[in-house]
Amino acid sequence: MEEATRKVPYRPNDGILINTISDVQDVELLVNKIVNIMRTSKYTVLVTSDLQDPPKIDEELPKIKRNKRIPWRTPNKNYMAIAKLHEMGFIHHVITESTNNLHHASGIPSDSITELYGNKFIEVCKACKMEYKREYVCRNNMNLHKHDTGKLCDECRGPLYDNIIKFNEEVPNTNKAINIIQQAEVIITLGVLERFKSTMKVLSSNVKRCICRVTETSCKECVLPNTVRLCPSTFLHFITNQLQLKVDDFIFRHTISINTTFSTSIRKNTTSRSVVIQNLHPFMSFVDCIAYQDQEIKDNKTTGCINVDNVRFGGINSFVTALMFRFHLMFSEEVVVELRLDLNTIQPGTSYDYNLLCKPK
């Protein structure tokens, strides 16, 4: 268990928490007070920054080209702990400075999340207001203050734009966040960056309700009360332990579609099948396919035609009863997922959906 460091003093206020944290016992005392408040609060708002560890890019991942493709980031224990607190009703809304979509990925409903500075995985149409949630980073414009992505809206064919807020740009979600903060009975901040003016404007609208500001850094000019010099992950660990909540690991969920067709050669008196796998995740890459006859490996087939969103195999002999597909999932570490397809249970010309579940390392 990590020992907390001494907290930076702050000016007097009407807060209810302790001033200094010198050891683990003081942390537990602090957590007990916060938990008691959270139990009785009808509307608790959590304000966060990026709580994710940076992705690891090293020589052990040769398929990742530096500055061209980074691994897909998945929610760590911090995000999953917040999702559990929301699920159990201890946190009612999350306001975040982060643009990495990880609160959504952790399972918190979209209507319980306010993203002050946008979401890298969302494209919007300014003409008809349609919003598109992608599984890849939408921002691709190298100009700092230009946001068009080069794609068109499916509804009105208008240009699509990312919704990332850059420095000195208007923050459209400020008023929404202020309304949420003003409704809050309890406000807790985790790792919030005070240098962002919009964040401080939002928090200053109801500063007396801020019962705890958890941060590893100090800011002499910060107006928030009850500053606690503590790592946010340690704070969340104490909170979930005190509430006796089991924090689930993130599980990758993705649905792919599989379609098969038969072709018969009268001349050779043979029947072969073609298999098409569609709707691959952008960070899924095909590895290989193994053909089975009953339970025995009959052949390795690695000649699939790989397109942007599908893998196509043709000329699969009639003796093949099953196929085993393997894919790489480019998380912060490379993970292999396997999909076994029993060809005897699939009707030709029919599309089947398969759910892929995978727990990153």
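Looking at segment 166-205, which of its residues are of a type in the set (S, T, N, Q) and either without any contact (Cβ under 8 Å) to a residue 24 or more places away in the chain or in contact with a His (Cβ under 9 Å, 6 or more places away or on another chain) (or both)?
Scanning segment 166-205 gives Asn168, Asn175, Asn179, Gln183, Ser204.
Restricting segment 252-264 to residues that are surrounded by fewer than 13 Cβ atoms within 10 Å (Cβ to Cβ) and β-branched (Val, Ile, Thr), which is farthest from His104 (Cα to Cα)?
Filtering first and then ranking leaves Thr264.
Taking segment 135-165 as the region of interest, how many residues are touching a residue at least 40 places away in the same chain (Cβ under 8 Å) and in contact with a strand residue (DSSP E or B) (Cβ under 7 Å, 6 or more places away or on another chain)?
2
Quick test of your reading of the structure: His145 fulfils all but one of (1) closer than 26 Å to Ile34 by Cβ; (2) loosely packed, with under 15 Cβ neighbours inside 10 Å; (3) in contact with a Lys or Arg (Cβ under 9 Å, 6 or more places away or on another chain). Name the failing condition by number.
The failed condition is (1).
Residue by residue, here is whether (1) outside the structural domain of Met200 (by TED's automatic domain parsing); (2) farther than 27 Å from Ser41 by Cβ; (3) modelled with pLDDT under 90 holds:
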| position | (1), (2), (3) |
| --- | --- |
| Lys77 | no, no, no |
| Ile91 | no, no, no |
| Glu97 | no, no, no |
| Leu102 | no, no, no |
| Asp111 | no, no, no |
| Cys128 | yes, yes, no |
| Arg134 | yes, yes, yes |
| Lys146 | yes, yes, yes |
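Just to be sure I understand, how many residues within segment 184-216 are acidic (Asp, Glu) and either surrounded by 16 or more Cβ atoms within 10 Å (Cβ to Cβ) or modelled with pLDDT of 80 or more (or both)?
So the count comes out to 2.
Here is a yes/no grid of residues against (1) hydroxyl-bearing (Ser, Thr, Tyr); (2) in a loop (DSSP other than H, G, I, E, B):
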residue	(1), (2)
Ser98	yes, yes
Asp111	no, no
Lys120	no, yes
Arg139	no, yes
Thr149	yes, no
Lys176	no, no
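Based on what the data block shows, is Arg326 modelled with pLDDT of 70 or more, within 21 Å of Pro360 (Cβ to Cβ) and either exposed (fewer than 15 other Cβ atoms within 10 Å of the Cβ) or basic (Lys, Arg) (or both)?
So Arg326 fits the description; yes.
Can you tell me how many residues within segment 72-130 are under 10 Å from the mean Cα position of the chain (by Cα) and charged (D, E, K, R)?
Count: 1.
Of all residues in segment 127-142, which are exposed (fewer than 15 other Cβ atoms within 10 Å of the Cβ) and over 26 Å from Tyr79 (Cβ atoms)?
Ala127, Cys128, Lys129, Met142
Where residues in segment 151-173 are under 24 Å from the mean Cα position of the chain (by Cα) and in a strand (DSSP E or B), which of them is nearest to Gly118 (Cα to Cα)?
Once the filter is applied, the top-ranked residue is Asp162.
How about segment 127-175: which of its residues are among the basic types (Lys, Arg) and more than 25 Å from His103 (Cα to Cα)?
Within segment 127-175, Lys146, Lys151, Arg157 qualify.
The values are calculated or read from the model by the stated rules, or taken from the named source; none is laboratory data. None of the values given here were measured: they were computed from a predicted structure. Cβ coordinates were reconstructed from backbone atoms using ideal geometry, including for glycine residues, and neighbour counts include every protein chain displayed.
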